[in-house]
Amino acid sequence: MARHVFLTGPPGVGKTTLIQKASEILKSSGVPVDGFYTEEVRRGVRRIGFDVVTLSGSRGPLSRVGLDPPPGNRECRVGQYVVDVTSFEQLALPVLRNAGSSSSPGPRVCVIDEVGKMELFSQPFIHAVRQTLSAPGTVILGTIPVPKGKPLALVEEIRNRSDVKVFNVTKENRNHLLQDIVMSVQSGGK
């Protein structure tokens with residue numbers, strides 16, 4: 001039986017919106033939920049990058065267009081975006097470590113939006129995701145990109161796990177998936 005729930009689909013289809021709505025429903029039903037999501041940063045109509053936003057409200061840059069990497073750091077770039085690995089790790093890693101070590105009874109949900117190219121520049125993140133996937137009592141509600149180009153090892157590992165249910169989000173089905181996602185997460189922790 002699937003324990004973890006991941007959404008996949010093309011960029012901009014609504015995966016993050018579904019994750020946010022599902023998180024709110026789960027929280028309001030008393031399920032402990034922690035984690036992070038990524039949010040576009042725009043200047044006018046132009047997307048200039050992405051921020052990491054934790055469910056507790058902390059925010060920091062994940063990537064920016066034309067950003068110079070911090071001195072001493074190797075440049076991590078996806079297309080036009082330079083990834084701020086240090087900022088990402090400062091926000092995402094504590095959330096993942098807490099998810100696997102909570103002593104609250106019953107299942108808890110860890111939101112990971114997303115496990116993608118930018119996030120995979122962080123080896124500690126990869127390790128923390130694997131640990132969270134194995135943490136008893138923790139259910140991951142996450143997003144992964146659609147396969148495109150060279151496979152991403154951790155993404156394929158997640159996609160092929162027997163304890164993962166993957167929802168393929170499309171413009172046609174995105175407005176009807178929320179209840180199925182919430183029910184899958186709620187049954188995953190049992």
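The values are calculated or read from the model by the stated rules, or taken from the named source; none is laboratory data. These figures come from a predicted structure and were not determined experimentally. For neighbour counting, all protein chains shown are included, and Cβ atoms are generated from backbone atoms with ideal geometry for every residue, glycine included. When the accessible area is computed, the model is the full protein with side chains, heavy atoms only, and any ligands, DNA or RNA have been set aside. Shrake-Rupley method; radii C 1.70, N 1.55, O 1.52, S 1.80 Å.
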Query raised in the report: Tell me, which residue of the stretch 168-190 that is in contact (Cβ under 8 Å) with a residue 60 or more places away in the chain, in a helix (DSSP H, G or I) and within 15 Å of residue 20 (Cα to Cα) is most open to solvent (accessible area, probe 1.4 Å)?
Result: 178
Report task. For residue 76, work out the one condition from (1) crowded, with 17+ Cβ neighbours inside 10 Å; (2) more than 15 Å from the chain's Cα centre (by Cα); (3) at pLDDT 90 or above; (4) of a type in the set (A, V, I, L, M, F, W, C) it doesn't fulfil. Result -> (3)
Requested in this report: Within the stretch 135-161, track down each residue that is free of Cβ contacts under 8 Å to residues at least 12 places away in the same chain and of a type in the set (S, T, N, Q).
Outcome: 160
Requested in this report: Could you please tell me which pairs satisfy a Cβ distance under 6 Å, a separation of 6+ or placement on different chains, a first residue in the stretch 1-18 that is under 19 Å from residue 132 (Cα atoms), and a second residue that is surrounded by 22 or more Cβ atoms within 10 Å (Cβ to Cβ) and among the basic types (Lys, Arg)?
Outcome: 7/15
Requested in this report: Kindly indicate whether any position in the stretch 21-28 is within 27 Å of residue 86 (Cβ to Cβ), modelled with pLDDT of 90 or more and touching a Leu at 6+ places or on another chain (Cβ under 9 Å).
Outcome: yes
Query raised in the report: Which residues, taken from the stretch 89-106, are modelled with pLDDT under 75 and open to solvent by less than 50 Å² (accessible area, probe 1.4 Å)?
Result: 100, 102, 104, 106
Report task. Check the stretch 127-143 and report whether any residue there is open to solvent by 10 Å² or more (accessible area, probe 1.4 Å) and closer than 19 Å to residue 16 by Cβ. Result -> no
**Report entry** Selection count where residues are touching a Leu at 6+ places or on another chain (Cβ under 8 Å), open to solvent by 10 Å² or more (accessible area, probe 1.4 Å) and farther than 20 Å from residue 40 by Cβ, scope the stretch 110-126
**Finding:** 2
**Report entry** All positions within the stretch 144-167 that are surrounded by 12 or more Cβ atoms within 10 Å (Cβ to Cβ) and outside any loop (DSSP other than H, G, I, E, B)
**Finding:** 144, 145, 154, 155, 156, 157, 158, 159, 164, 165, 166, 167
